[in-house]
Structure formats: structure tokens, C-alpha cells
Amino acid sequence: MKKFAVILNGCGPLDGSEIHESVMTMLAIDKNGCSYTIFAPDKPQYHVVNHLTREPMDETRNMMVEAARIARGDIHEISTYDPHDFDALVLPGGYGAAKNLFTYAIDGIDATVLDSVRKAIVETHKLHKPIGALCIAPVLLAKVLGDITITVGGESSAAHDVEKMGATHIQTQETEVISDKQNMIFTTPCYMLDASIADIAESAENLIKTMLDNI
């Protein structure tokens, strides 16, 4: 049985992990006869957003505590992640990834990356194990790894920014997967495009199957 590590950063598309992408990724892993372990930073979110009004709220929440909602409590602090224990690493999207895991939503191409997240990506990459990313999360891989090939969907400011970070961007449709087999990087755009929840399920399934083909 192949083992996947999944990195989350909260619960909700505006300030944490995108719930549909996270759940569909977990489902795709399970449907393909594999296991997953969920990790998150034990740190405060950048901020909290009311998902009804889409306005910031005057409160503080913890990434790991909130992500535990998606994980049903079975979650681990990201600093305990050891890539030797897993066959692949996956990062679902959500705007929180660009606020919590790195500061792209605030600082653009000058974003800083959370040390524990950078370490997880770099050490997995050094072992030449597959890394998958959905939605906005491929930008994080571009920031950390530089010269890789990814997608965030179509023509956009994010697509231009990943080029400035040293990566190559390829335009895709909602459910397509771009495979950079040389670097073992696999990405799909999901809600970076006008996707439906059925598209998200198909994207996650395509991503996980493509990663498994390269393990």
C-alpha cells in the first residue's frame, strides 16, 4: 500500500485549506487503495475570514486545530513529517495556502515560506518522490523549487508570477494534470479556473492516479 502525506493549513477556502480539494484528494487516495496521513503547522492562521460575508473577523484560529475538522482529528504537526516514511506528498489549495504556508497573497513573488513547509517540500524533492499540488499550491512549489514545470490553469497574474519565480507555466483545463516527471512535480488547477465540485473530484482523481503511475 502506497502512503501519501497531505499538508493542510486550516479549514475554508478563504483563510485555510480548500475543503472540496482536501476531501476529494483524500477520497482519491483511498479509492486507489492507498493510505494518507494529514499534517498541518501548529501555528495561527494569517487571519480568519467570515465565509458568508467574505470579510475578515476579529479573532485568531490555529491552522492545525482548524484542519483537524477536515482530518476528523487525526492530524500531525508538520515538523514531524519525514519523507522517508511516505511515497508521495500532496498539497491541496485554498487561498489560505497563499497566506499561511507562504505569504504570496500578501507579498507576491517576494513571499516568504514557512520553514517547516519549505523543509517538507525540499526534503521530499531531494528523495525524488512525487509531489502533487492543486489550485494555488503549485505557486508554493515554484517559490520553493524554482526551475520546475507547473500549472495554475490559464492566463493569469499567478501564471506570470510563477514564471518570475523561475518556473515554467503550462495552460490547462480544469481537470488536467501537468506532469514534470524530471522533477516529480504534478499539478492541477482546480478552482483556479471556473470548476464545479465534479471537476474537483475528477482533478483529484487524475492527480493521484498520475502520481501513482510515477512512484
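If you go through the stretch 73-81 one residue at a time, do you hit one that is out of contact with any Asp or Glu (no Cβ under 9 Å at 6 or more places or on another chain) and in a strand (DSSP E or B)?
yes
Scanning the stretch 125-151 for residues that are farther than 26 Å from Gln171 by Cβ and crowded, with 19+ Cβ neighbours inside 10 Å turns up just one, Lys129. Taking Glu155, is it within 17 Å of the chain's Cα centre (by Cα), surrounded by fewer than 20 Cβ atoms within 10 Å (Cβ to Cβ), closer than 21 Å to Gly94 by Cα and of a type in the set (Asp, Glu)? Considered against the rule, which asks whether it is within 17 Å of the chain's Cα centre (by Cα), surrounded by fewer than 20 Cβ atoms within 10 Å (Cβ to Cβ), closer than 21 Å to Gly94 by Cα and of a type in the set (Asp, Glu), Glu155 comes out as no. If only residues of the stretch 158-192 that are farther than 15 Å from Ala98 by Cβ and among the hydroxyl-bearing types (Ser, Thr, Tyr) are counted, the one that is surrounded by the most Cβ atoms within 10 Å (Cβ to Cβ) is Thr188.
Scanning the stretch 27-57 for residues that are free of Cβ contacts under 8 Å to residues at least 24 places away in the same chain and either in contact with a Leu (Cβ under 9 Å, 6 or more places away or on another chain) or closer than 22 Å to Ala98 by Cβ (or both) yields Pro44, Asn50, Leu52, Thr53, Glu55, Pro56, Met57.
One line per residue, one yes/no per condition, for (1) closer than 20 Å to Tyr191 by Cβ; (2) under 13 Å from the mean Cα position of the chain (by Cα); (3) surrounded by fewer than 23 Cβ atoms within 10 Å (Cβ to Cβ):
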{"position": "Gly10", "(1), (2), (3)": "yes, yes, no"}
{"position": "Leu14", "(1), (2), (3)": "yes, no, yes"}
{"position": "Tyr46", "(1), (2), (3)": "yes, no, yes"}
{"position": "Val49", "(1), (2), (3)": "yes, no, yes"}
{"position": "Asp58", "(1), (2), (3)": "no, no, yes"}
{"position": "Glu77", "(1), (2), (3)": "no, no, yes"}
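Within the stretch 7-21, residues that are touching a residue at least 24 places away in the same chain (Cβ under 8 Å) and farther than 13 Å from Ala40 by Cβ have Cβ atoms under 6 Å from residues that are among the β-branched types (Val, Ile, Thr) and not in a loop (DSSP other than H, G, I, E, B) in these pairs: Leu14/Val49; Asp15/Val48; Asp15/Val49; His20/Ile197; His20/Ile200; Glu21/Ile200, counting only partners at least 6 apart in sequence or on another chain.
Cβ-Cβ contacts under 9 Å between residues 6 or more apart (or on different chains), taken from a first residue in the stretch 165-176 that is in contact (Cβ under 8 Å) with a residue 12 or more places away in the chain and on the phi < 0 side of the Ramachandran plot to a second residue that is surrounded by fewer than 18 Cβ atoms within 10 Å (Cβ to Cβ) and acidic (Asp, Glu), are listed as Ala167/Asp147; Thr168/Asp147; His169/Glu163; Gln171/Glu155; Glu174/Asp194. Here Ala67 clears all of (1) out of contact with any Phe, Trp or Tyr (no Cβ under 8 Å at 6 or more places or on another chain); (2) part of a loop (DSSP other than H, G, I, E, B) except the condition numbered (2).
Across the stretch 80-100, the qualifying residues are those that are over 30 Å from Arg54 (Cβ atoms) and out of contact with any Ser or Thr (no Cβ under 9 Å at 6 or more places or on another chain), and the one among them that is surrounded by the most Cβ atoms within 10 Å (Cβ to Cβ) is Asp87. Can you find a residue in the stretch 187-197 that is under 21 Å from Val122 (Cβ atoms) and out of contact with any Phe, Trp or Tyr (no Cβ under 8 Å at 6 or more places or on another chain)? Yes - at least one qualifying residue is present in the stretch 187-197.
Every number in this text was worked out from the coordinates using simple rules, so none of it is lab data. Because the structure is a prediction, the values reported are computed rather than measured. Cβ: placed from backbone, ideal geometry, glycine included. Neighbour counts: every protein chain shown.
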